[in-house]
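Accompanying notes for the structure given below.
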Amino acid sequence: MSEKAYDAVVAGHVCLDIIPELSHPGGTVEQVFVPGKLLNIESTAFCTGGAVSNVGIPLIKLGIHTGLMGKIGNDAFGSGIRSIFAQYRAEQALTTVEGEHSSYTVVMAPRGIDRIFLHHPGANDTFCSADINYDLIRTTRLFHLGYPPLMRRLFENQGHETETIFRTVKSCGATTSLDMALPDPASPAGQADWKTILNRVLPYVDIAPFSAEEAMFMLNRPRFDALQQAAHGRDPLEAYVPDDFLWLGRELLRLGARMALLKCGMRGMILLTADRSSLQALGRAAPANPNAWAGRILWHEVFHVDRVVAAVGSGDNAIAGFLAALLRGADPETALATACCVGAQNVQVPDSISGVKTWEETQAMIRTGSRHREQPGKGWTYHATRFIWSGPADSGGSHRT
């Protein structure tokens with residue numbers, strides 16, 4: 001890696017994504033994936049995936065000096081990952097491990113249906129606290145780790161390795177950010193005690209950019225199951241009500257996070273923040289004006305796009321937009337709008353990184369782009385000039401110091 005201090009370091013899960021473009025007109029899962037049926041596809045995209053790529057490379061494209069940490073094997077998939085990273089001068093950050101396999105994912109993204117992933121974790125399963133370069137962390141402003149549910153060492157032993165990473169990184173003075181992934185409920189990750197893991201880890205996490213589904217799975221499994229069943233194969237987030245989102249955000253703050261950023265699919269994105277005293281301990285990427293960020297509840301609508309090609313990595317790209325805005329000193333309204341805009345850039349391309357524009361292009365899109373109107377219900381106030389809703393009450397955030 002370069003000796004120059006980074007503004008951000010992104011670590012964790014990295015893989016090669018193989019994304020066939022499905023030509024099926026849409027429908028339910030049962031209508032698209034029929035046993036014995038020939039399903040035509042169009043072109044297939046090959047790109048890097050996982051949080052290291054999907055957050056790290058967009059941060060680079062948004063003008064943030066970013067270092068990447070990930071593990072790959074000495075194989076063809078690893079060579080493909082390294083080749084793609086080289087286009088962004090980021091390949092030197094990768095660690096190649098002899099005798100291990102690189103991770104890859106086949107991404108099935110039919111129109112109108114949430115994505116289906118066929119995933120091999122590979123070297124990600126051995127990633128642990130010893131793989132973090134803490135000397136590098138001591139000079140970086142922000143550290144982001146992605147996808148512990150897809151990395152065996154990070155969810156084993158009730159998240160001991162993940163807690164060690166965040167406790168150590170936090171002691172280095174960096175602002176910390178943690179993103180999750182939705183595990184297969186029948187897998188070892190799906191059977192892990194995520195409430196206990198989050199109780200251990202979130203006291204050392206400043207920003208928790210979770211999808212609403214991930215958070216509900218980990219914090220309220222009965223409610224998650226009920227919403228999944230009510231969806232009947234369609235997007236479960238359509239069944240969520242505003243109180244679901246508010247409860248999730250407040251619970252993440254109660255467990256110790258200072259900012260909860262909920263990705264709600266076509267419903268937009270919601271930000272809840274803790275009080276001023278908590279935000280002052282945010283680390284080197286703390287907002288210059290903590291008063292503008294303290295105790296906020298904001299809900300931003302999604303941007304209209306003419307054609308949705310796929311949503312692979314859209315949540316990660318949105319995280320990159322939010323973190324880039326925070327690192328640039330933006331206010332929370334701009335940070336949330338940037339997150340939604342970068343997510344909208346993503347869905348117009350089949351892969352997870354090529355759609356992201358520069359910071360200047362993104363801000364221009366924010367000024368001119370149209371939005372889909374969300375209706376949160378009573379108690380919310382709409383600010384038409386910024387296309388954003390403010391919440392009905394204080395966030396009730398953590399008061400830890």
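The values are calculated or read from the model by the stated rules, or taken from the named source; none is laboratory data. As the structure is a prediction and not an experimental result, all values here were calculated from the model. Reconstructed Cβ throughout: ideal geometry from the backbone, glycine too, with neighbour counts over all protein chains shown.
For region 254-277, which residues satisfy the criterion of being out of contact with any Asp or Glu (no Cβ under 6 Å at 6 or more places or on another chain), closer than 21 Å to N291 by Cα and among the basic types (K, R)?
R254, R276
Consider only pairs whose beta carbons are under 6 Å apart and that are at least six residues apart or on different chains; among these, list those whose first residue lies in region 207-219 and is over 19 Å from A231 (Cα atoms) and whose second residue is of a type in the set (S, T, Y).
I207/S177
Considering only region 235-256, I want to know if a residue exists there that is under 25 Å from G391 (Cα atoms), touching a strand residue (DSSP E or B) at 6+ places or on another chain (Cβ under 6 Å) and among the small types (G, A, S).
yes
Under 9 Å by Cβ, and 6 or more places apart or on different chains, what pairs join a residue from region 133-153 that is on the phi > 0 side of the Ramachandran plot with one that is not in a helix (DSSP H, G or I)?
Taking only residues 6 or more apart or on different chains, the pairs are Y147/G12; Y147/H13; Y147/G50; Y147/D179; Y147/M180; Y147/A181.
So which residues in region 307-347 are acidic (D, E), over 15 Å from the mean Cα position of the chain (by Cα) and either part of a helix (DSSP H, G or I) or at pLDDT below 95 (or both), if there are any at all?
E333
May I ask you to list the residues in region 380-401 that are in contact with a Lys or Arg (Cβ under 6 Å, 6 or more places away or on another chain) and modelled with pLDDT of 85 or more? Walk me through it before giving the result.
Going through region 380-401, the residues in contact with a Lys or Arg (Cβ under 6 Å, 6 or more places away or on another chain) turn out to be 387, 396.
Passing the criteria: only F387.
If we keep just the residues of region 355-379 that are buried (at least 16 other Cβ atoms within 10 Å of the Cβ) and touching a Pro at 6+ places or on another chain (Cβ under 8 Å), which is modelled with the highest pLDDT?
V356
Would you point out the residue of region 174-210, among those that are surrounded by fewer than 22 Cβ atoms within 10 Å (Cβ to Cβ) and touching a strand residue (DSSP E or B) at 6+ places or on another chain (Cβ under 8 Å), that is nearest to Y240 (Cα to Cα)?
Residue satisfying both the conditions and the ranking: L182.
Which residue out of A344, A339, A335, A325 is among the aliphatic types (A, V, I, L, M) and free of Cβ contacts under 8 Å to residues at least 24 places away in the same chain? Outline the logic, then answer.
On the way: A344 fails: free of Cβ contacts under 8 Å to residues at least 24 places away in the same chain; A339 fails: free of Cβ contacts under 8 Å to residues at least 24 places away in the same chain; A335 fails: free of Cβ contacts under 8 Å to residues at least 24 places away in the same chain.
Just a single option satisfies the conditions, and that option is A325.
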